[in-house]
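Engineer: One structure, pasted below without further comment.
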Amino acid sequence: VDHLTAIAEKYRATVEENYRLYNEVQDLKGNIRVFCRVQPGYCILPTGCSEVGEEGELAVYNPRGGPRKLYKFDKVFGCDSTQEEVYEDTKALIRSVLDGYNVCIFAYGQTGSGKTHTMAGSDVEGCDGRGINFRALDDLFSINEQRRGEAEYSVRVQLLEIYNEQLRDLLDTSRSGKRLDIRNTERSGLNVPDAIQVDVGSREEVLEVMEIGARNRAVAETKMNERSSRSHSVLTVIVDGVSHVTGQRSHGCLHLIDLAGSERVGKSEATGERLEEAKHINRSLSALGDVMAALAARDAKHVPFRNSKLTQLLQDSLCGQAKAMMFIHIAPEARTLKRNHRPFAESSYGESVSTLGFGSRVSEISLGAAKKNVESGAIFEAKEAARRQEREAERATREVTHR
């Protein structure tokens with residue numbers, strides 16, 4: 001018995017150490033990792049605005065001449081990168097969610113630069129075209145299966161959008177329009193508790209949820225993009241787990257955020273409702289920039305999280321409690337866009353430089369160590385030991401009574 005107990009203790013220690021080392025490696029890579037992706041599908045253009053290096057370098061050329069601008073990020077994905085290649089450098093954070101960490105992955109860039117393609121993907125290419133959202137959930141199910149016997153997990157999803165500074169539940173098929181309030185909850189990372197949560201346990205259920213959300217999200221045509229997202233989309237994956245080895249209970253949240261595209265109102269030719277949407281989008285992205293600037297300053301006494309719904313929703317992911325990753329997206333030097341349904345060439349250099357500058361500032365932010373949301377196995381064992389002692393005392397009392 002002692003031998004088996006020793007083996008069990010050693011096995012438990014090994015499992016704990018493996019998980020600890022894995023998350024330590026992720027932490028050493030930095031709290032906010034910044035990846036850059038050049039808009040897919042435009043490699044055939046004769047005049048590209050960018051040159052991708054091997055170690056995360058990116059050179060951007062001004063089409064009007066002048067010196068090139070150099071940037072460096074954790075990784076740069078060229079215009080020929082596949083969805084699978086992009087996800088390879090994202091999936092490492094998934095295990096952190098299963099181990100009780102909160103993780104935030106979000107896409108930033110001008111309208112039409114490929115953010116929704118990265119996050120949601122497309123069915124046109126079949127399974128190969130699916131984005132981070134589906135692949136992340138698919139990965140969760142795969143790891144859950146691999147850990148079967150060691151741990152057990154339940155997965156729920158919540159899908160919201162921020163449209164004109166109002167929160168909307170994309171899974172509310174009744175279209176009730178009920179008011180949703182943001183509540184900052186340090187432990188869970190889930191700060192819209194009144195939104196609908198759906199249990200998912202298979203790839204088919206995930207696809208069904210994604211389709212509902214896609215149908216309900218606000219999109220419209222602008223001069224810069226035929227199908228422009230007019231809202232910020234926030235997919236939250238809630239994972240609760242219990243380890244059969246250590247007795248620990250974990251709670252992790254994965255926030256997958258597709259930000260609405262920044263756009264210059266003059267270029268987009270927005271009017272009426274489209275103009276109001278653009279103003280709200282740009283104001284919320286400006287508020288995000290202010291938050292990032294305050295975090296980068298490090299000695300800032302106040303971080304203006306409450307200046308927009310977007311930054312309120314991101315607060316638990318940007319205040320040192322979570323692990324964060326940002327994809328910045330840029331378009332090539334010249335794109336074929338439409339004005340009055342007729343194609344024309346448009347330079348994206350100014351917007352690209354603005355996006356790259358934002359990404360560079362974010363890459364300098366250090367949030368500190370992320371916090372793990374677990375109930376200690378030691379507490380569980382202490383309670384079990386107390387119960388065992390109580391049973392032993394009862395047995396001893398019965399023996400004395402029957403003598």
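Values quoted throughout were computed directly from the atomic coordinates according to the rules given, and no laboratory measurement underlies them. Since the structure is predicted, the reported quantities are computational estimates derived from the model, not experimental observations. Heads up, the Cβs are rebuilt from the backbone with ideal geometry, glycines too, and the neighbour counts pull from every protein chain shown.
Engineer: Multiplying the sequence separation of D128 and A214 by 0.36 nm and subtracting their Cα-Cα distance, what value in nm do you get?
Structural biologist: In short, 29.1 nm is gained.
Engineer: Next question. Expressed in nm to one decimal, what extension gain is obtained for the pair E152 and A369 from 0.36 nm per residue of sequence separation less their Cα-Cα distance?
Structural biologist: 75.5 nm
Engineer: Which ordering of S360, S142, S284 is given by a fewest-first count of other beta-carbon atoms within 10 Å?
Structural biologist: S142, S360, S284
Engineer: Spelling out what I want: for every residue of region 136-153, take phi, set θ = phi - 60°, compute 6.51 cos²θ - 1.76 cosθ + 1.60 (Karplus), and round to whole Hz; glycine and proline get x.
Structural biologist: Per residue, the Karplus-derived 3J(HN,Hα) values read 5, 5, 4, 5, 4, 5, 5, 5, 4, 5, 5, 8, 4, x, 8, 8, 9, 10 Hz.
Engineer: Using a 7 Å offset from the Cα along the Cα-to-Cβ direction at both K301 and H244, what is the distance between the two label points in nm, to one decimal?
Structural biologist: Output for this residue pair reads 5.5 nm.
Engineer: Right, here's the next one. Taking neighbour counts of Cβ atoms within 10 Å as a proxy for exposure, in what order, fewest first, do T173, T246 appear?
Structural biologist: T173, T246
Engineer: Rounded to the nearest 0.05, what FRET efficiency do E9 and R175 have when you use their Cβ-Cβ distance and R0 = 35 Å?
Structural biologist: 0.05
Engineer: Still on this structure, I have one more. Please compute the length gained on full extension between E273 and Q166, using 0.36 nm multiplied by the number of residues separating them and subtracting their Cα-Cα distance.
Structural biologist: Gain in length upon complete extension: 37.0 nm.
Engineer: Near the amide H of C104, under 5 Å away, which other amide H atoms are found, from residues 5 or more places off or on another chain, if H is placed in the peptide plane?
Structural biologist: Close amide H contacts, sequence-distant or interchain: H255, K323, A324, M325.
Engineer: I'd like the Karplus ³J(HN,Hα) series for region 305-322: coefficients 6.51, -1.76, 1.60, θ = phi - 60°, whole numbers in Hz, and an x wherever there's a Gly or Pro.
Structural biologist: My calculation for region 305-322 gives 5, 8, 7, 7, 4, 4, 6, 4, 5, 8, 4, 5, 9, 10, 10, x, 8, 10 Hz in order.
Engineer: Another question about this same structure. Based only on other Cβ atoms within 10 Å, what is the fewest-to-most ordering of I330, I196?
Structural biologist: I196, I330
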